[in-house]
Amino acid sequence: MKNQKRHSRKLLSILLVLCMALTIVPITAFAAGVNYIDKISVTYTKPDYKAGDAPQAAATVTEGECSVAYEYWMEIEQKTEGSVWTSTGRYWYSDSSKMASLAADKQITQFEAGHHYTYNIVLKTNSGYFISEDTSVSAGGHKFDKVAFKANLEIREMSTELRIYSPYSIDLPAASTDEVITTVDIGNVWKNLDSTKPVAFTAEVNPNNSACSGKVEIVEEAWEKSTYGESTPITDVIKSTDTPRNPIAGGEYWYSIVLRAKEGYVFSDNVTFICEGKTYTAQTANTSVSDNGKTFTAWEFLLPVIASDGADDTVIKDVEVISATLSYDAGDTPKATAVTKDIGANYEIAYESWEDEQHALWYSDEHYYPSELFLDRFTSFEEGKSYRYSILLKAKNGRTFAATDSGLTVTVNGWTVEQQNISMNLDGQSVYVTGIATITPTKPVEPKEIEVIEINNATITFKDGDKPVFTGNVPDNKDYAFRCEWWSLDSDTGLVSTEPEWGSGIYKNKITTFEAGKTYHYGVYVTAYYGNFSPDAKLKINGQYVNYKRIGDDDNMQTMWLETDLTMTPFDSSHTHSYGADKVCKVCGYTVKGKEIPVSGTTKPTNPTKPDGNTDVTSPKTGDNSNLALWFAVLFISCSGVIGVTVYSRCRKLNKR
């Protein structure tokens, strides 16, 4: 028995010695045969999240023996400005079970305006694989190299889990009524850098692009000289906001532009940037939005320009064509209207051309039609077909065109043509320019005649001594504009609402205040935006139809000067004490009457019918039409009552005596 105990003790001692020995053996001694992952690559999309959007899974493993376990968004905040960002305790998980484990008030179901969020990815290794501190990791284009040297990477779960913290985050602006600008479209950038001349800044916001026109303004353009490869670097930045100056000859200059959103607008975080018809992406241009969405900056997107020394004046570097007709309706015939901006230019337009999608052609010069029989011609534009416009330019007076890579620019109707759309003959004597415009003609819409003219909120009642005020307007979205209104006493006396800007010469004597006992006439002037007024157009003022007579040219149906049958006669309000309360508004106020004035120059009836069939179109009467016999009867009864009471009272006094 004692021998067995000694044997057990000896065995235990041996095991303890072995354990102690194992503790001093390096852990790497056991690494042989373990599958460590060398490299992990993860891609993810970055949706343009806005307030109200729900988070969504976006990550995919493209390299490495692992997969996405789950993704999560965490809401973060700063307790005070400048302090450390910390979690608010609210999360969104792509894993539904993890979401279910959160309390309802801790779940992020949609992004909220004015809040800040950070994105995180959790990876799980495949069976039998592990992550080491030497594993190289990249996520969404960010290369972190080894895990050991990056604070935003963490290995967990016995080296089978990798957490990638905050590869990107979003800051949603507070709720705003500002309209978001999603597209910036500019053109007409001056690229002729000549060391003998100050740099010109001519960029414009495309007025034909409603996505940005009228919403943004250019606050600065600049050309910055590259110093790459220079033994003695010379820095040169020429800004539109500085005093004009010349570039350095031979210098390679890069262009940049800064725009500001106007009041009521902000830029989107993902603006589509267009310059001279070409759309630039994140790979082909550097852009940024700052200042809480009010400022947009783009740089290094155009090819750099070498500043010339200005010595050779026989080379044409700038071509500018204007007046090209680039808009047609279906059925229209092409027209040659383009001309050089400079009458004395050393180049000319050889022809203008249009080509449809089936390669049918139209040339402004008959001599340039190809001889191939299979090429068709067309003489008018067809609805629904696509047509492309091009021009051919020829040098004259012994000049030649500069090569496109030597600074040649071609501008048509104010917009610079992309260099890839400019082809030059080897002799430099002619330049073919395409890609200027592409159109798809449609049939013109025939505007309908305007049948009813509506004027609302017009002030048509005044008292003695009141000054004229003009408040009339037309309802929104009408095809006509309210130009002015007026009051007239006679042919020499009146007042137009647009005075003194215009109309001051219509009346010799001006109405400054309305006078009691005089009758004034009301009139209006309207013009159609497009189309015409009907010869039988009805006039509605403050919701009621009124008669009118037309003044001026009866053949011009786009303008209407109308003297209405509304008349207004103010009364003196100084005699209000002479009447009972029931008589004041009938006598001391004002009257507005509608007289029958024949309509001359049109077939319009003098008593137009309302849409409801009622033919009463005169103005409302403010006089009292109550039956006089009834008033006298009431007066007689009242007087009888007074007499009766008086007689009764006297009788009682006599009886008491």
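The values are calculated or read from the model by the stated rules, or taken from the named source; none is laboratory data. Source: prediction; values computed, not measured. FYI the Cβ positions are ideal-geometry reconstructions off the backbone, even for glycines, and counts take in every protein chain you see. Ligands, DNA and RNA are stripped out before the accessible areas are found, and what is left, the full protein with its side chains, is counted by its heavy atoms. Shrake-Rupley method; radii C 1.70, N 1.55, O 1.52, S 1.80 Å.
Note the full-extension length gain between residue 60 and residue 365 as 0.36 nm times their separation in residues minus their Cα-Cα distance, in nm to one decimal.
103.9 nm
What is the magnitude of the charge dipole of segment 42-128 about its Cα centre, with +1 placed on the Cβ of each Lys and Arg, -1 on the Cβ of each Asp and Glu, and no other charges, expressed in debye to the nearest 20?
Dipole of segment 42-128, to the nearest 20 debye: 140 debye.
Mind checking which aspartates and glutamates have their C-alpha under 12 Å from residue 317, skipping anything on the same chain fewer than 8 residues away?
Candidates past the 8-residue exclusion: 194, 405.
Going through the cross-link list 191/225; 518/540; 467/540; 341/394; 50/98; 50/278, which pairs have a Cα-Cα distance over 22 Å in this structure?
Cα-Cα > 22 Å for 518/540; 467/540; 50/98; 50/278; rest within.
Sort 393-399, 182-188 for me by packing, meaning the mean count of neighbouring Cβ atoms within 10 Å per residue, highest on top.
Peptide ranking by packing, descending: 182-188, 393-399.
If the reach is capped at under 14 angstrom between alpha carbons, list the aspartates and glutamates near residue 448, excluding any in the same chain fewer than eight residues apart.
Cross-link targets: 479, 536.
I need the peptides 46-55, 138-147, 412-421 ranked by packing, meaning the mean over residues of other C-beta atoms within 10 angstrom, with the highest value on top.
Most protected by this proxy first, the peptides run 412-421, 138-147, 46-55.
Among 107-116, 218-227, how do they line up from the highest to the lowest mean number of other beta-carbon atoms within 10 Å?
The most tightly packed comes first, giving 218-227, 107-116.
So which of 385/478; 508/538; 262/478; 335/385 end up more than 22 Å apart by C-alpha?
Listed pairs above 22 Å: 385/478; 508/538; 262/478.
Can you give me the accessible area per residue for segment 283-397, using a 1.4 Å probe, in Å²?
On a per-residue basis, 56 Å².
Around residue 275, which amide H atoms from residues at least 5 apart in sequence, or from another chain, sit under 5 Å from its own amide H, with H modelled in the peptide plane?
Long-range HN contacts for residue 275: 186, 280.
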